[in-house]
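Trainee: Structure below; questions to follow.
The values are calculated or read from the model by the stated rules, or taken from the named source; none is laboratory data. None of the values given here were measured: they were computed from a predicted structure. Please note: Cβ atoms are built from the backbone with ideal geometry, for glycine as well, and neighbour counts cover all protein chains shown.
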Amino acid sequence: MGEKILIVEDEPTLSETLAYNLQKQGYEVETASDGWEAIRKSRDTSPDLIILDIMLPGIDGLEVCKIIRRESNVPILMLTARADEVDKIVGLEVGADDYMTKPFSLREFLARVRALLRRVRLMKQTPLATTESGEETGKIVFGDLTVDSVRHSASLRGEEIHLKPKEFDLLLFFVKHRGIALSRDKILEQVWGWDYGGGTRTVDVHVRGLREKIEDDPRHPARLVTVRGVGYRFEG
């Protein structure tokens with residue numbers, strides 16, 4: 001069987017449609033119709049991806065996302081009928097990796113699912129190179145901060161930093177452009193894709209999250225600097 005996907009959606013027709021089409025793609029699918037069931041199935045089945053509706057009975061999707069995120073780094077694709085950018089930002093702030101507004105095309109939905117699961121597979125891979133060269137192993141080192149582009153992981157003083165897939169993509173983009181002032185539009189285009197509709201505030205939300213994880217010591221040289229009127233610059 002393929003990767004496991006948990007669909008959390010209280011609208012039966014939509015849940016069945018998404019499940020049917022994902023199963024056709026070879027994925028193993030579980031469904032839940034309320035927030036508490038979603039949390040239980042997330043713990044019991046350890047899915048590779050969660051598709052999570054915001055409007056749920058019992059406990060809403062935002063609270064579900066917060067609870068799951070405290071326990072797991074599983075990618076979460078959030079679904080909602082709300083179109084406001086503020087709602088998208090709230091979803092990202094509580095731990096979602098991507099966001100789709102209903103109604104959406106099935107083709108785009110499946111593309112987002114494939115992209116998120118592709119990152120999961122890369123994170124699980126073991127590096128093929130065994131030399132001590134940073135380039136050959138895919139490791140980029142900035143003092144106590146190490147970014148491994150092959151395993152899609154990062155560590156600070158030898159301790160793994162728990163990054164969501166999109167946070168890692170953003171960190172890797174920054175370290176590859178070290179010392180260069182990057183606009184929010186450029187970051188959004190390169191990390192999220194030219195067709196992403198979340199707006200540049202998405203970048204600010206993820207940069208804030210990265211700062212909390214990699215800048216625990218103000219003396220550490222690796223940090224994200226805000227460039228007034230432009231965007232951000234990574235220094236290390």
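Trainee: Looking at the stretch 150-181, which of its residues are of a type in the set (Gly, Ala, Ser) and either in contact (Cβ under 8 Å) with a residue 24 or more places away in the chain or crowded, with 19+ Cβ neighbours inside 10 Å (or both)?
Mentor: Answer for the stretch 150-181, where residues must be of a type in the set (Gly, Ala, Ser) and either in contact (Cβ under 8 Å) with a residue 24 or more places away in the chain or crowded, with 19+ Cβ neighbours inside 10 Å (or both): Ser153, Ala154, Gly179, Ala181.
Trainee: Look through Arg184, Arg219 and report the one residue that is surrounded by fewer than 15 Cβ atoms within 10 Å (Cβ to Cβ) and either at pLDDT 80 or above or of a type in the set (D, E, K, R) (or both).
Mentor: Every option except Arg219 fails the conditions.
Trainee: Now, a different point. Checking the conditions here, which among Leu56, Leu77 is in a loop (DSSP other than H, G, I, E, B), outside the structural domain of His162 (by TED's automatic domain parsing) and surrounded by 17 or more Cβ atoms within 10 Å (Cβ to Cβ)?
Mentor: The unique qualifying residue is Leu56.
Here's the yes/no breakdown for (1) outside any loop (DSSP other than H, G, I, E, B); (2) crowded, with 17+ Cβ neighbours inside 10 Å; (3) touching a residue at least 24 places away in the same chain (Cβ under 8 Å); (4) under 17 Å from the mean Cα position of the chain (by Cα):
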position: Gly2; (1), (2), (3), (4): no, no, yes, no
position: Ser15; (1), (2), (3), (4): yes, yes, no, no
position: Ala19; (1), (2), (3), (4): yes, yes, no, no
position: Ala38; (1), (2), (3), (4): yes, yes, yes, no
position: Val64; (1), (2), (3), (4): yes, yes, yes, yes
position: Leu92; (1), (2), (3), (4): yes, yes, yes, yes
position: Pro103; (1), (2), (3), (4): no, no, no, no
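Trainee: On to the next question. Can you work out which of the residues in the stretch 43-53 that are among the acidic types (Asp, Glu) and either buried (at least 23 other Cβ atoms within 10 Å of the Cβ) or touching a strand residue (DSSP E or B) at 6+ places or on another chain (Cβ under 6 Å) (or both) is nearest to Leu6 (Cα to Cα)?
Mentor: Restricting to residues being among the acidic types (Asp, Glu) and either buried (at least 23 other Cβ atoms within 10 Å of the Cβ) or touching a strand residue (DSSP E or B) at 6+ places or on another chain (Cβ under 6 Å) (or both), the top hit is Asp48.
Trainee: While we're here: Exactly one of these conditions fails for Ser33: (1) surrounded by 21 or more Cβ atoms within 10 Å (Cβ to Cβ); (2) of a type in the set (Ser, Thr, Tyr); (3) over 18 Å from the mean Cα position of the chain (by Cα). Give me its number.
Mentor: So the condition that Ser33 fails would be (1).
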